[in-house]
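A quick write-up on the structure given underneath.
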Amino acid sequence: MAEQTIAEQAPPAVAVPRRTLILIAALIATFIPAVESSIVATAMPTIVGNLGGFELFSWVFAVPLLTMAVTIPLYGRLADIYGRKRVFFVGTGIFLIGTLLCGLARSTEMLILFRAIQGCGSGAVQPIAMTIIGDIYNPAERARVQGWTSAVFGLAAVIGPALGAFLVLHVHWSVVFWVNLPVGAVSIAMFALFLDERVERREHRIDYLGGVLLVVGIGALMLALVQARSLGAGSIAALTALGCVALGALLVFERRTEEPMLPLALWRRRVVALCNAAGFGASAAMMAVSALLPIFVQGVMGCSPTVTGIVIGAHSVSWMFAAFAAGRLMIRTSYRLTAAIGGISLLVGAAMLVMLRPETDPFWPAAAAFVMGIGMGFCNTTFLVAIQASVERHERGIGTGSQMFMRMLGQSVGAAVFGAIVNFGVDREMPGAGGLVNRMLDTATRSGIDADTLARLTDAVGMAAHQAFIAGVGIAVLTLIATLALPARLSPIRPALAEARAG
C-alpha cells in the first residue's frame, strides 16, 4: 500500500490549474476515433459497393487498426520520454493527413493504404488523451471521469451513424472522413493553449526495431489469414513462418533492450496481463458489431443506411451509460465484478447475433448491439482504470498504451477473422460472387439484381455471417474467463499496487 501511495503522490509532470479545460481537450480528442468508427462503419457497405472489392472489405477495418495497434506502444514510450503534448501533436497531424486522403480514394486498395496512414497517426490520439487524464486525476477520480469519456462515445454514437447515413444518401461517402478535420484542429489548439507540461530530460533509446518486428509478425499472420482463399499453400506457409519468426525475434529482443516498446516485466503483473488479454478479446468480439453487422443488416436484411446507422449506434449509446455505471460500481465493489458483468453482457450479445436471420426484425440486431455495448462499457472502463492504478507514474504512458494496443490489436484480428470467415463462406456457396455482393451492398445498384440471384446472395452472405457470429461467441467466452481471473479485492479505493503486481 505504501508503494501505491508513493506512486500516486509523486510530483506530477503536468501542471493542472486549468484541469477542466485540459479534460475537455482530452474528451474532444477521444471523440475523434469514436465518431470515426461509428460513421465509417455506417457508410462502409455503400463505400464497398461504390469502390468494389468486397473481398477486401475486412482490410478497410483491419489495416488501420493494425497500424494503430503497432504505433500505440511506440507513442506511449515517446510520450513518457518527450512529454504527452508534442507527441500528441505529431500523431494527430498524421491522422488528419490520412483522413483527408481517405476521402480522396478512388479504389478500395487506395482506401486501405490511406487508412493505414490514418491508423499510424491515431495510435497517438486517444491513448495519449487517456494518459493525460491519468496524469491529472487520482484512481478514484479516474473511475468517475471515465463516465465522461464514455459520454463522448455516446455522443459519437448519436451523431456518427445519423450523420454517416445522411452524407451517404445526400452528399457523398468521402465526406464521412472529412468531418474529423475541424475536430482534430480544435483538440490540438486546446492542448497547445492549456496544457502546461514539465518534462524531465534524460537519456533514452527508442525501440524502433521492436516496432518493425511487431508490424512484420502480425501483418504476415493476418495476410495469411485474410487472403488464404486466394493464396497458394506455399505462400500461406511462408507468411505464417515469417510471422512466427518475427514475433519470436521480438520476444527475444524485448528481453534485452533497455527501453522496450513492449516491456515484458509490465506484462508479468497479473492485473495488467489479465486486463490486456480480456481487452483483446472484448475488442475482437466487438468487431462482430462494427465490421460484420452493417454488412448483414444492409446486405442480407436489405435495410437502408439509416436503419444500419441506428443499429450500429445502439451499441455506442449503451456503452456510454454502462461506462458511467461501471465507474461508480467499481468504487463500491471491485474490478473483477464490474469486468465480469461486462464479460457476461458480451457473451449474451454475441449469442443474440447468432440468432439473426434474413427475415429478422431490425429491432433484434439493434438489441444485440445494445447488449454488447453494455459489455464494452463495463469492460473497457474497468480495464483502463485498473491498469493505470497498477503502474508507477513513469510507466503510465506505456501502461495505458498496452491496453490501447491490445484493444486495437483485438479489433484488427477480429476484423480479419470475421472477414476471412465471410469471404470463405460466400466463395464456398457462390464462387466468384464478389462483384455481385458489391452491387447487393449498394442501395443504388441492389435493385438491378434479379430476385433469384439476390435470394441466393443473401443466403450465402447470411450463412457465412452466421458462422462468423458463432466465432464471436467463442471469443466472448474466453473474455469472460479472463475477467473472472482478476484479483477479487482490488478496486480504485483499494489499489494496493504491490498486490496488483503480485496478483
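Numbers at a glance
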{"read-out": "Long-range neighbours under 6 Å by Cβ, at least six apart or interchain, first residue more than 16 Å from I398 (Cβ to Cβ) within region 195-213, second among the β-branched types (V, I, T) and at pLDDT below 65", "value": "E197/V14"}
{"read-out": "Verdict on G119 being buried (at least 24 other Cβ atoms within 10 Å of the Cβ), touching a residue at least 12 places away in the same chain (Cβ under 8 Å), among the small types (G, A, S) and in contact with a Leu (Cβ under 7 Å, 6 or more places away or on another chain)", "value": "yes"}
{"read-out": "Residue in region 472-480 that is surrounded by 23 or more Cβ atoms within 10 Å (Cβ to Cβ), under 30 Å from E359 (Cβ atoms), modelled with pLDDT of 85 or more and among the aliphatic types (A, V, I, L, M) present", "value": "yes"}
{"read-out": "Residue, surrounded by the most Cβ atoms within 10 Å (Cβ to Cβ), within region 122-134, restricted to residues that are assigned to a helix (DSSP H, G or I) and within 17 Å of the chain's Cα centre (by Cα)", "value": "P127"}
{"read-out": "Within region 353-366, considering residues that are closer than 17 Å to S316 by Cα and part of a helix (DSSP H, G or I), the one most open to solvent (accessible area, probe 1.4 Å)", "value": "F363"}
{"read-out": "Every residue from region 371-405 that is within 15 Å of R270 (Cβ to Cβ), hydrophobic (A, V, I, L, M, F, W, C) and in a helix (DSSP H, G or I)", "value": "F383, A386, I387, A389"}
{"read-out": "L104 vs. criteria closer than 23 Å to G219 by Cβ and surrounded by fewer than 24 Cβ atoms within 10 Å (Cβ to Cβ)", "value": "no"}
{"read-out": "Residues of region 256-299 satisfying the condition of being open to solvent by 10 Å² or more (accessible area, probe 1.4 Å) and either of a type in the set (V, I, T) or in contact with a Pro (Cβ under 8 Å, 6 or more places away or on another chain) (or both)", "value": "T257, L262, R270"}
{"read-out": "Subset tally (residues that are within 20 Å of the chain's Cα centre (by Cα) and at pLDDT 85 or above) for region 319-334", "value": "2"}
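The values are calculated or read from the model by the stated rules, or taken from the named source; none is laboratory data. Because the structure is predicted, anything quoted here is derived from the model rather than measured. For neighbour counting, all protein chains shown are included, and Cβ atoms are generated from backbone atoms with ideal geometry for every residue, glycine included. We work out accessible area using only protein heavy atoms, side chains counted, and drop any ligands, DNA or RNA first. Shrake-Rupley method; radii C 1.70, N 1.55, O 1.52, S 1.80 Å.
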